[in-house]
Amino acid sequence: MDNSDRILKNLERTKRGLPISKRFKDHWTKGLQMQWCYQEHWDEICDIFKSYKIDMKHQSPIITIQTLKEVKLAKQITDSIKDDKKIRNMALRVSYPLRNVYPAPDISEKELIDGTIFIVVLRLIPDFCLEIGKRALESFMDNGNKVKYFSDLFSCHGTIIDTQRDFEEVVKKMLEENFK
């Protein structure tokens, strides 16, 4: 039996009788690492993608890229505000859902407060940006230049990373030209 036959046989066997621990690890590495209570949110995202006949496996990096941008921005904002005494006092008194709950016995009060501030900022960013962005985008879509910019967006090519850079450049042009 050559190596390719052995690989195919192992693949076939794993489809049928993979232990639950191995299946869990497989799902974990594929990115389905969410708590069951939020499964309905993930299912809704998947359903929207399916309604447009879009394969999540190929497009999930877009979600990851956007989330990474939000996390980096949250870190930047947190680092700029975390030493404010009023903010620190508020963060110290926050209850569980907003509290940094990293399960470490040696976490200091400073780390607990810094993490709590970070989580609050991280949750603020998408809501704040979407609310402002929604108003600006609706205004932009009504101004008559949308075909020009969509032409630029539809002409992007390359990997998801390459097209992300192209999209960012088009968005910067849109903002510079229309919202001075």
Of the listed residues (ASP79, ASP127, ASP83), the one being outside any helix (DSSP H, G or I) and at pLDDT 90 or above is ASP83
I'm trying to understand the selection: among the residues of the range 48-76, which are small (Gly, Ala, Ser) and either modelled with pLDDT under 85 or surrounded by fewer than 13 Cβ atoms within 10 Å (Cβ to Cβ) (or both)? SER51, SER60
One residue is enough: does the range 150-168 have a residue meeting the conditions without any contact (Cβ under 8 Å) to a residue 24 or more places away in the chain, among the polar types (S, T, N, Q), surrounded by 13 or more Cβ atoms within 10 Å (Cβ to Cβ) and part of a helix (DSSP H, G or I)? yes
I'm checking my understanding of the structure. Among residues of the range 164-176 that are touching a helix residue (DSSP H, G or I) at 6+ places or on another chain (Cβ under 9 Å) and not hydrophobic (A, V, I, L, M, F, W, C), which one is farthest from LYS69 (Cα to Cα)? LYS173
Would you point out the residue of the range 169-180, among those that are part of a helix (DSSP H, G or I) and among the basic types (Lys, Arg), that is surrounded by the most Cβ atoms within 10 Å (Cβ to Cβ)? LYS173
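The values are calculated or read from the model by the stated rules, or taken from the named source; none is laboratory data. Keep in mind that what you see is a predicted model, and the values were worked out from it rather than measured. Quick reminder, even Gly has a Cβ in these numbers, built from the backbone with ideal geometry, and neighbours come from all protein chains shown.
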